[in-house]
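**Student:** Below you will find the structure I want to go over with you.
The values are calculated or read from the model by the stated rules, or taken from the named source; none is laboratory data. Model, not experiment: these values are computed from the prediction. Ideal geometry is used to build each Cβ from the backbone, glycine not excepted, and the neighbour counts take in all protein chains shown.
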């Protein structure tokens, strides 16, 4: 059984619509897929309606959070949330806040680039992203591609949009402890995404993950394209020590990243345990 528990659609910064995502997952030979768009559940209904026979859908999201880094500072972290109740009052409020904050931040970055002479217009950029979807820097990267400024999303981030560049603006993110509690109350399960992907920027230490396990974190994403062998080994040992679930996922974004659906996978027993612990919504089958 092949299971991929971290993918994105056009409901956030992927290039496949939710319907295309599930169709492509079936074509790639997957048996189960999680849709985990950034800070939104907007793609759930379309993905479920288009679910091909034989494919199981895990409805989820990837939450943008802030955490102590274990070295005296703070860093951005991402929390995968699975099978939670999307109508929970705290979830609805948090998603609305996060989407509004992301749109405002993206507009400011676009204005900075336009002031420097780039062919970017904030109003047109945001008009192309539906209100219920989650806007982000990849949308700006794709606009730069369309304008011929860069040839790929990766090039846009490397030159202009990374966290260390001229056009970086800090964001207002929810403390990860609050997000873990929110998803737990909504009947969901939480997994820390790509925790040791150092090339993305600052990461948390093992001590921080231990603290998060103490406040209800369910698991860690071990097998991820941005984790080298050492990172995977350290995370797997830490998960064993703490009794955390371990997952593997592609973090697929369609043509935005050179990553295949099912490039990394999760063991069936781990998905079974996620489903057993969740009380918000169930896995649905095509």
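**Student:** Would you confirm whether or not segment 244-252 contains a residue that is in the same structural domain as residue 180 (by TED's automatic domain parsing) and surrounded by fewer than 18 Cβ atoms within 10 Å (Cβ to Cβ)? Write out each step before concluding.
**Tutor:** First pass over segment 244-252, keeping only residues in the same structural domain as residue 180 (by TED's automatic domain parsing): 244-252.
Subsequent filtering for residues that are surrounded by fewer than 18 Cβ atoms within 10 Å (Cβ to Cβ) retains none.
Looking for residues that are in the same structural domain as residue 180 (by TED's automatic domain parsing) and surrounded by fewer than 18 Cβ atoms within 10 Å (Cβ to Cβ), one finds none in segment 244-252, hence no.
**Student:** Being at positive phi and in the same structural domain as residue 77 (by TED's automatic domain parsing) narrows it down to one of 60, 14, 29, so name that one.
**Tutor:** Within the list 60, 14, 29, the selection yields 29.
**Student:** Can you tell which of 83, 79, 106 is assigned by TED's automatic domain parsing to the domain that holds residue 209, under 18 Å from residue 135 (Cα atoms) and touching a residue at least 12 places away in the same chain (Cβ under 8 Å)?
**Tutor:** When all the criteria are applied, what remains is 79.
**Student:** From the list 142, 113, which one is closer than 16 Å to residue 255 by Cβ and buried (at least 17 other Cβ atoms within 10 Å of the Cβ)?
**Tutor:** Numbers: 113 fails: closer than 16 Å to residue 255 by Cβ.
Every option except 142 fails the conditions.
**Student:** Next question. As an exercise: evaluate residue 256 against (1) within 18 Å of residue 183 (Cβ to Cβ); (2) surrounded by 15 or more Cβ atoms within 10 Å (Cβ to Cβ) and give the number of the one condition it does not meet.
**Tutor:** Result: residue 256 passes all but (1).
**Student:** Continuing with the same structure: Of the conditions (1) at pLDDT 95 or above; (2) crowded, with 17+ Cβ neighbours inside 10 Å; (3) under 22 Å from residue 227 (Cβ atoms), residue 157 clears all except one; give me its number.
**Tutor:** Here residue 157 clears every test but (1).
**Student:** Go through the residues of segment 116-134 one by one and say whether even a single one is in the same structural domain as residue 91 (by TED's automatic domain parsing), over 24 Å from residue 266 (Cβ atoms) and either more than 22 Å from the chain's Cα centre (by Cα) or at pLDDT 90 or above (or both). Give the steps one after another, and end with the answer.
**Tutor:** Applying the first criterion (in the same structural domain as residue 91 (by TED's automatic domain parsing)) to segment 116-134 yields none.
No, segment 116-134 contains no residue that is in the same structural domain as residue 91 (by TED's automatic domain parsing), over 24 Å from residue 266 (Cβ atoms) and either more than 22 Å from the chain's Cα centre (by Cα) or at pLDDT 90 or above (or both).
**Student:** Quick check: is even one residue across segment 91-106 in a loop (DSSP other than H, G, I, E, B) and surrounded by fewer than 17 Cβ atoms within 10 Å (Cβ to Cβ)?
**Tutor:** Step one: of segment 91-106, the residues in a loop (DSSP other than H, G, I, E, B) are none.
Scanning segment 91-106, I find no residue that is in a loop (DSSP other than H, G, I, E, B) and surrounded by fewer than 17 Cβ atoms within 10 Å (Cβ to Cβ), so the answer is no.
**Student:** Return the only residue of 64, 17 being within 16 Å of the chain's Cα centre (by Cα), at pLDDT below 95 and under 22 Å from residue 250 (Cα atoms).
**Tutor:** Answer to the selection: 64.
**Student:** If residue 255 satisfies all but one of (1) in a loop (DSSP other than H, G, I, E, B); (2) under 19 Å from the mean Cα position of the chain (by Cα), what's the number of the condition it fails?
**Tutor:** (1)
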